[in-house]
Every structure is written in C-alpha cells, then in structure tokens.
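The values are calculated or read from the model by the stated rules, or taken from the named source; none is laboratory data. Keep in mind that what you see is a predicted model, and the values were worked out from it rather than measured. In this analysis, Cβ positions are derived from the backbone assuming ideal geometry, glycine residues included, and neighbour counts consider all displayed protein chains.
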Amino acid sequence: VRAIQSHGEDLEEARAGMRAALNLSGVDRDFLERGSVVVREGEVSLTSWADAFVRNLPVNVAPFRYGERLTLHCGTARVECRVYPYEKREIPPGEGGYARVRFDEPLPLIGGLRFILRGYRRLENFGYTVGGGVVLNPRPPARNPARSSPAPLEILMGGNERERVETAVRESAEKGITVVEIACLTGLGRKRVEEAVRGLVEEGVLVISPDGQVFPAGEVEAGKKLVLERVQELNRREPSRDGFSPGEVVGGVRGFPRSLLEFALRELAREGKVQKGAAGYLPAVRKEEKTSLEMIARCVESRGVEGPTPAEISRETGIPERDVRNLLGRLVREGRAHRVRDFYFSAEVVESVAEKVRSHFREKEELTVSEFRQLIGTSRKYAVPLAELLDQLRVTVRKGDVRVLWKR
C-alpha cells in the first residue's frame, strides 16, 4: 500500500467503517472487480458456500424455501445464491433460521460479516430487499443441511469466545485449522483466539501439532488408535520388514486429515507405542511381548542347525503362531536370527556354520550339498536352506551343483 486517502485527504492509516482509497503497487486495475478485498496473505480464502443465520423480513410475502434463489450483497460484492435452511425448515416472513448459502461465484468471507438478500420482484412500498443475515462459518464441512442439525451454528452465533473457538476447531476437524484460520472463521481477533486456544490446550480440549494445526484432543486420540492398529496390521502382514513409511501408515487410514494422522504417528513414537527405525515405523515391544520374544529366541538357538518353523516354535512355546511370526520378524530385524524359506536360525549358529565353510575352502575349491551336510552334521532338509542362506550372506556362490567361496 503506497498511499491512503479518504475524501481527498492523505492518511497514514484507515480504520473500520471509513471510506478510503488505496494506492496499491504491483496490482493492475483491470485485475480488480466489484467485491475485491485487501487482506493479509493467507488470512482469507475464497469460498463457494457458507453457513449463516438468515432472517426473512416481515414485509416479504413468502417464506424462504429449501433452495430459494436470491441475490446476496456483502460488502461491495453482489452474487446470485441459493439458500438451504437446515433440517429443510422454511424460514417464514418475520423469522430467522440457520442455513447453508451457496454462491454462484466464490467470495472472500470471514465470520461475522453481514449481508443483504434481495429478491426478483419488487415488494410494495419497499423495494427488492427481502432479508439479510450474518456469516457464521465461511468454511463449513461437507454435510447435507436438509439432514443435519444446526447445533454447531447455534454456538457460533451465541456462544462465548472459548465455545466458539472450540466449535470452529471441531467443524474443521476433517481439514485441520490454524489459529489465523480460526480468527477468520469466527470473526474474533487473532489475539483473542490465541488466548482461547491456549486455555483450551491447557485443559486438554485441543491439541496443536508442530506445523500449527489445531485439532480436538478427542480426534487426535481416535486417530492415534487407528494409526497404531494400522502399524500393527502392516507388521502382521510383513513381519520381516524393517519398518513402514509414514505414507504407508497414514495412507491406509480413512476419515481423518493427513496432517492429523502424521501428528498422531509422531505422538505414538514419542509415547513409545511405536518405534522408528531406519526404514520407518514398527510397533513397540510391550512388556509381555518381551518375555515371549526371549522364549522364541531361546527356542531358535536351542535347535542349532535344525532351524525350526513358526508352527514348531508355536507348539513348543504355546505362543500363538501369528504372534510367533511377528516376533520372529523382530528377531530378524534386530540381527539375532536369519530366515530362509520358513526356517529360522540363530545368528550365532549361522556364523559358526559360515566359519566351518571358510575352513573347508582353505583345503578345497568346491563344496557339494553332501559335503556340506556332513560338515555341519544335519540332514538335507536343513542343509539345503542353510546353503541358500550362506549364498544370500555372500559367504558362498552356487555354480551348478556345487558351491565355491564368494570373492569380493
């Protein structure tokens, strides 16, 4: 803003209610049109519908019916619109009610703005004005007003500041909302909103994420529950994975904004309910799981070169097979065990076998399955998968029916 004038006089500032002219730099006059407003960047956005309290003037001869076509005047803007009263109630002359108003063209609106509604037929001795109202929520959630209760709008209309702020956050739970956006939605000043949010956070009613999004605490708790279930489900499907990315986790949860779910995931990690590894997130080991984990580790270690399957471990320990598979995956990720086919071998046993194989290659250049079986003292059932495991670990390389030492 390069200059401000009011009634031909230069001013340093213009206040609410004043008629003023602005000299704006970097704005082409042809770009401006009726209804344009000057705002701080990011504070006000265009909207194609808003929830409002609408009043039908006593001089009007007809009620406002569901889908009533009218012309709306707000500030200097003039647009065609339709009025949809909540619960599909008509608004008779002389009465008011809550409604969703849809505009033919997007408008820049904030809560608390008043507007005039005009009809298409001139009223006797009055003109075309048939009603008016006040904007209560310029960014309402998607819902059918015919089947919805106007209870949130009643709070936005007549509640105290903290009630209005809390309702604004709940109304925006699907998208998330910042303090600046709350101020625009409610029409309250930013400082008053910041004070109200601070108090509600201290009471545990609201939660603020690191990126400044404000959410109802109850929604965050519900999101955390679903995110934790999602991590556990992914781990059950692929127990050998080293972790799951935030995208994999939150992408499978519906009904919550992504920003809330990502915040919920970080909160779960902070609380120790999930753990973050190099490859992503995994369920944290609960106290009762640690006992089961050690039982499984001892079972695998005791079997030596005859690596057990999950079913065999389940029968021996009494732990359900599904849980056995999940915990075996954790042993593999921690480097305490190796998996090949459906057999599991302890890391110490595998290293011992690898050392025997290296000793063999100091005297011979090749190793057959029969020689390998005799070398480690086991049957072909376990020798073949162990030989494949040594190939995977780059101890040996298979060439036809024999194996040779892997060379870097």
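From the list 121, 143, which residue is without any contact (Cβ under 8 Å) to a residue 12 or more places away in the chain, more than 27 Å from residue 40 (Cα to Cα), in a loop (DSSP other than H, G, I, E, B) and not aliphatic (A, V, I, L, M)?
Numbers: 121 fails: in a loop (DSSP other than H, G, I, E, B).
Checking each option against the conditions leaves just 143.
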Inset, instruction - Kindly list, by first and then second residue, each pair from a residue in the stretch 315-335 that is small (Gly, Ala, Ser) to a residue that is part of a helix (DSSP H, G or I) and surrounded by 20 or more Cβ atoms within 10 Å (Cβ to Cβ), limited to pairs with Cβ atoms under 9 Å and residues at least 6 apart or on different chains. - result: 329/235
Legend entry - Scope the stretch 346-375; condition β-branched (Val, Ile, Thr), farther than 21 Å from residue 335 by Cα and either part of a helix (DSSP H, G or I) or in contact (Cβ under 8 Å) with a residue 40 or more places away in the chain (or both); matching residues: 369
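Taking the stated definitions as given, is residue 17 exposed (fewer than 14 other Cβ atoms within 10 Å of the Cβ), at pLDDT below 85 and over 26 Å from residue 158 (Cα atoms)? So that I can check it myself, show each step before the final result.
Details: exposed (fewer than 14 other Cβ atoms within 10 Å of the Cβ): yes; at pLDDT below 85: yes; over 26 Å from residue 158 (Cα atoms): no.
So residue 17 fails the test.
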Inset, instruction - Report yes if some residue within the stretch 318-338 is at pLDDT 95 or above, surrounded by 18 or more Cβ atoms within 10 Å (Cβ to Cβ) and either touching a Pro at 6+ places or on another chain (Cβ under 9 Å) or charged (D, E, K, R) (or both); otherwise report no. - result: no
Inset, instruction - Could you please let me know if residue 163 is without any contact (Cβ under 8 Å) to a residue 60 or more places away in the chain and touching a strand residue (DSSP E or B) at 6+ places or on another chain (Cβ under 7 Å)? - result: no
Inset, instruction - Go through the stretch 369-392 and count every residue that is surrounded by fewer than 14 Cβ atoms within 10 Å (Cβ to Cβ) and over 17 Å from residue 308 (Cα atoms). - result: 3
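Conditions (1) of a type in the set (Phe, Trp, Tyr); (2) closer than 26 Å to residue 242 by Cβ; (3) in contact with a strand residue (DSSP E or B) (Cβ under 9 Å, 6 or more places away or on another chain), marked per residue:
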position: 292; (1), (2), (3): no, yes, no
position: 307; (1), (2), (3): no, yes, yes
position: 333; (1), (2), (3): no, yes, yes
position: 365; (1), (2), (3): no, no, yes
position: 393; (1), (2), (3): no, yes, yes
position: 401; (1), (2), (3): no, no, yes
Inset, instruction - State all residues of the stretch 340-368 that are under 53 Å from the mean Cα position of the chain (by Cα) and crowded, with 19+ Cβ neighbours inside 10 Å; if no residue qualifies, say none. - result: 340, 343, 344, 345, 346, 349, 350, 353, 357
Inset, instruction - Go through the stretch 291-311 and count every residue that is part of a helix (DSSP H, G or I) and surrounded by fewer than 19 Cβ atoms within 10 Å (Cβ to Cβ). - result: 7
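Yes/no matrix, rows are residues, columns are (1) among the aliphatic types (A, V, I, L, M); (2) under 25 Å from residue 277 (Cα atoms); (3) assigned by TED's automatic domain parsing to the domain that holds residue 236; (4) touching a helix residue (DSSP H, G or I) at 6+ places or on another chain (Cβ under 7 Å):
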position	(1), (2), (3), (4)
307	no, no, no, yes
316	no, no, no, yes
319	yes, no, no, yes
328	yes, yes, no, yes
340	yes, yes, no, yes
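For the stretch 33-70, which positions are of a type in the set (Val, Ile, Thr) and surrounded by fewer than 16 Cβ atoms within 10 Å (Cβ to Cβ)?
Within the stretch 33-70, 37, 38, 39, 59, 61 meet the criteria.
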Inset, instruction - Scan the stretch 267-283 and report the pairs whose first residue is among the hydroxyl-bearing types (Ser, Thr, Tyr) and whose second residue is surrounded by 13 or more Cβ atoms within 10 Å (Cβ to Cβ), with Cβ atoms within less than 7 Å and a gap of 6+ or a chain change. - result: 281/231; 281/243; 281/244; 281/249; 281/265; 281/269; 281/274
Inset, instruction - Could you please find all residues in the stretch 80-118 being free of Cβ contacts under 8 Å to residues at least 40 places away in the same chain and in a loop (DSSP other than H, G, I, E, B)? - result: 89, 90, 92, 93, 94
